[in-house]
Amino acid sequence: RNLMIKAFEHTAAYDSMIANYMNKRFNGGFGEKQFIVGEKVMNTRYGENPHQKGALYEFDKHYSNNFKTLKGEASFNNLNDLSGAVKIASAFGSDNAVCITKHGNPCGFAIKDTLLEAYVEALKCDPVSAFGGVVAVNGVVTKELALKMNEIFLEVIIAGRITEEAKEVFASKKRIKLFEMGHDKLVLANDEKDFKHIDGGFVYQDADKVNDDEVKNAKLMTKKAATEQEKKDMEIAYKVASLTKSNCVVYVKNSAMVAVGMGMTSRVDASQCALKKAKEMGLDVTGAALASEAFFPFRDSIDAAAAAGVKSVIEPGGSIRDDEIIEAANEFGMSLYFSEVRHFLH
């Protein structure tokens, strides 16, 4: 029986691969039939909740080649969080980036000269949410970094590599889960397509990605231009925002996220929630850059940002009230850039 199933799985996968290739070549990848074929990596203990079954499937041996379990066992929810954290931490090439996530959304992010500095700065954004969170390190976790991480409870750590000395440090934590990719930096699959299950089917699309020149080519809409550091902060905020659940806004200062509001039903709520949280954490957003993954429909978010001391803003633009947004930014002496590309994430 098992051999029969295996044989049909093999031939079905082969036929699907041919059909998908033909549709990619002649129909732009969107044919009358869409075949999504993954190979099982492992069963998870359960799905999103204990009463659900779950498993991990992979494309093109991505996990088999780039995912090594060092300690513990990845749960269904861990895998979702890991994916989100890795996407953000690896979005800046070889930079020393650290991302902390909870339920798939970032609660801390920073790029610094060393990974230890990056982790310390990332943790400052929201240490409460970071408790029991997932940390992605775009590089090698050393003993020094491990000792710092061990000061709080982190559920999952994934990195390019984790040294033997670091593993010894983590050995004292019974509940921590450790994973590495076996490379000096994190590795992304860079899937070309993306899909989401909806009731009765699924929607299928090109994978979203911020192009390398997207921020560089953003249009200056105000009298004042951003400084080089502000441009760097805008780029970080913009890329993080593109990988954060809509509606979202991200505030970055000196290459570290200092406030984030995500998954809100209104953009001004996201802005105000982020600033309220930053105040509670004792973080000063004066001089920070603000990014939104979609346009600001009203000037209220700009007003709130200006009151907090934000100096530069990047957003797609495209609102019927863009003139009011530009006027508000000029009024407050802010620099405002339009990328003209929206990055909703639902």
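Worth pointing out:
- Ranked list, fewest to most other Cβ atoms within 10 Å of each Cβ, for Asp213, Asp126: Asp213, Asp126
- Candidate values (1) -0.42, -0.53, -0.78; (2) -0.53, -0.66, -0.92; (3) -0.50, -0.59, -0.77, label of the one derived for log10 I(q)/I(0) by the Debye sum over Cα atoms at q = 0.08, 0.09, 0.11 Å⁻¹: (1)
- Distance from the alpha carbon centroid of the range 278-346 to that of the range 47-65 works out to 38 angstrom.
- Residues Asp212, Asp284, sorted so that the one with the fewest Cβ neighbours within 10 Å comes first: Asp212, Asp284
- Packing order of peptides 18-27, 199-208, highest average first: 18-27, 199-208 (average count of other Cβ atoms within 10 Å over each peptide's residues).
- The fewest-to-most ranking of Met42, Met234, Met149 by surrounding Cβ atoms within 10 Å reads Met42, Met149, Met234.
- For the range 17-124, taking the reciprocal of the average inverse distance between every pair of different Cα atoms yields a Kirkwood hydrodynamic radius of 16.5 Å.
- Of the DSSP H helices in the chain, those whose Cα atoms cover at least 24 Å axially and whose Kyte score averages -1.0 or more: 2-27
- Computed [θ] at 222 nm, deg cm²/dmol, the chain (DSSP H ≥ 4; -39,500 (n - 2.57); rounded to nearest 500): -10500 deg cm²/dmol
- Charge dipole magnitude, Cβ of K and R +1, D and E -1 - the chain, Cα centre, debye nearest 20: 920
We did not get these values from a lab; they are worked out from the coordinates using the rules stated. Here the structure is a predicted model, which means the values were calculated and not measured. All Cβ positions, glycine included, derive from the backbone under ideal geometry; neighbour counts span all protein chains shown.
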